[in-house]
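Single-structure report; data block below.
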């Protein structure tokens, strides 16, 4: 009997003892190296950055899921596996990766507020395996024609330094709407102007943590305006004088979001200031922008996102004025239908998977957009020629509701098609936004 009791007690205690041994065995071990395996072009220095680790850091077996999630969040890989391999003095982190297709050459087609445009772009999301970003894009359109090129290195030579250079050229037709008080249905245009912009910039920044980046951008452009006219062709004064627009833009970004094949969750907050440089600039203005997003991952593959933008500007020329209307803020109204120097925007959007077919994944979205904009800090020096409805204290508040669809290719980072149907509540009219190729709503 005594032997049976002892045997029972030993059997009962065995699992607890095993668990205790497992916990003791999972001791922190120092990382002494990194290695990439599998069908991937990723270099080791980029692996360190994406995994949020470096030599000398300590890891446990329990950290492996977190490291896998960090690598998946980069959206560069279709499959990820992480192992710790014994090495002198610690462990080597071995990442077995299956890359997504990192580059894309694609035509584009946009239908925005009844205006069409076509273009072609080249995007590389993992240039030479170093997680560097390269984008070249050109477009011809009824409203916008442009060329944009940028190169971004988020960890220069494996350091915490970030650099970016960009070139931006555009010619666009800018419509200034009447938007009469008390008539939310008006789409009347008071002035149309061809705005031309030749500019570029350079940015330098520092990664304080994987989720916190601070940077400073120097930006310069020459801006000029042609053919301002009323809808009947009558010539009108130009909305802003031609000149050099040169400014410095400090920015701080907190981005702790995770991404998993089209689903995002976590917080994003960004503060951007923009101040022109006296003696070099012709416009003398300043702006501040606060962006805040939060996303929840629900039922593994559903996503709920809340977004808000808060902007304020002082003495803004027309090409820097804040706007509402279009895919980035108020989809139930025409592109840039409302203008001002104070703006607030709120969006709630729910996304869910609806089908998969071969390489394609289809997601549906439902959304509500709200926006406020108005004039409070107009330019007093005569550089901006305001219309009668653009007086101080003029403001507008608008809302819309709608549905949309996104189509992804599993092995490519960006969605390739976006289609939104929105209904402007105050405008009492629908609006359709359609984009094919290099689409990122």
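Read-outs throughout are calculated quantities, based only on the coordinates presented, and are distinct from any laboratory measurement. None of these values were measured; they are calculated from a predicted model. Glycine also receives a Cβ, built like all others from the backbone with ideal geometry; neighbour counts cover every protein chain displayed.
Relative contact order for segment 30-127: what percent, with Cα pairs under 8 Å and sequence separation of 6 or more? It would help to have the intermediate numbers written out before the result.
Details: 163 pairs, mean separation 27.9, N = 98.
RCO, segment 30-127: 28 percent.
Segment residue 261..residue 127, full-extension length gain: 46.2 nm, with 0.36 nm per residue of separation and the alpha-carbon distance subtracted. Where both bridge residues fall in segment 17-99, DSSP classifies roughly 65% of the beta bridges as antiparallel.
Given R₀ = 56 Å, what would the calculated FRET efficiency be for residue 69 paired with residue 377, taking r from the Cβ atoms and rounding to 0.05? Working shown, then result.
On the way: r = 44 Å, r/R0 = 0.79.
Efficiency at R0 = 56 Å is approximately 0.80.
The length gained by stretching the chain between residue 118 and residue 301 to full extension, at 0.36 nm per residue less their Cα-Cα distance, is 62.6 nm.
Label separation (residue 62 vs residue 188): 6.8 nm, computed from points 7 Å beyond Cα along the C-beta direction. Can you give me the distance in nm between label points at residue 136 and residue 392, each placed 7 Å from the Cα along the Cα-to-Cβ direction? Once both label points are built, they end up 4.9 nm from each other. Within the listed set 353, 65, 228, the residue fluctuating most in the Gaussian network model of the chain (springs between alpha-carbon atoms under 10 angstrom) is 65. Counted residue by residue at 0.36 nm each, then reduced by the alpha carbon distance between them, the extension gain from residue 403 to residue 111 reaches 103.5 nm.
Computing FRET efficiency as 1/(1 + (r/R0)^6) for residue 270 and residue 86, where r is the C-beta to C-beta distance and R0 is 51 Å, gives about 0.75.
Normalising by residue count, segment 272-331 has a Cα convex hull of 103 Å³ per residue.
Residues of segment 63-79 with the amide nitrogen closer than 14 Å to a label point 7 Å from the Cα of residue 410, along Cα-to-Cβ, please. What the label zone holds, given the 14 Å backbone N cut-off, is 77-79. For segment 107-164 and segment 208-275, compute the distance between their C-alpha centroids and round to whole Å. Centre-to-centre (Cα) distance: 15 Å. For the chain, the orientation-averaged shadow of the C-alpha convex hull comes to 27.6 nm² (one quarter of the hull surface).
Taking a spot 7 Å from the Cα of residue 52 along the direction of its beta carbon, which residues of segment 274-300 have an amide N less than 19 Å from it? From segment 274-300, the list is 293-298. Using a simple spin-label model with pseudo-atoms 7 Å out from Cα toward Cβ, residue 210 and residue 157 lie 2.5 nm apart. Rounded to the nearest 0.05, the FRET efficiency derived from the C-beta distance between residue 288 and residue 198 at R0 = 25 Å is 0.45.
Calculated mean residue ellipticity at 222 nm for the chain: -3000 deg cm²/dmol, from DSSP H runs with n ≥ 4 weighted as -39500 (n - 2.57), summed, divided by the residue count and rounded to 500.
Please compute the contact order of the chain in relative form: average sequence separation of alpha-carbon pairs under 8 Å and at least six residues apart, divided by the residue count, as a percent. It would help to have the intermediate numbers written out before the result.
On the way: 1177 pairs, mean separation 46.1, N = 441.
It comes to 10 percent, rounded to a whole number.
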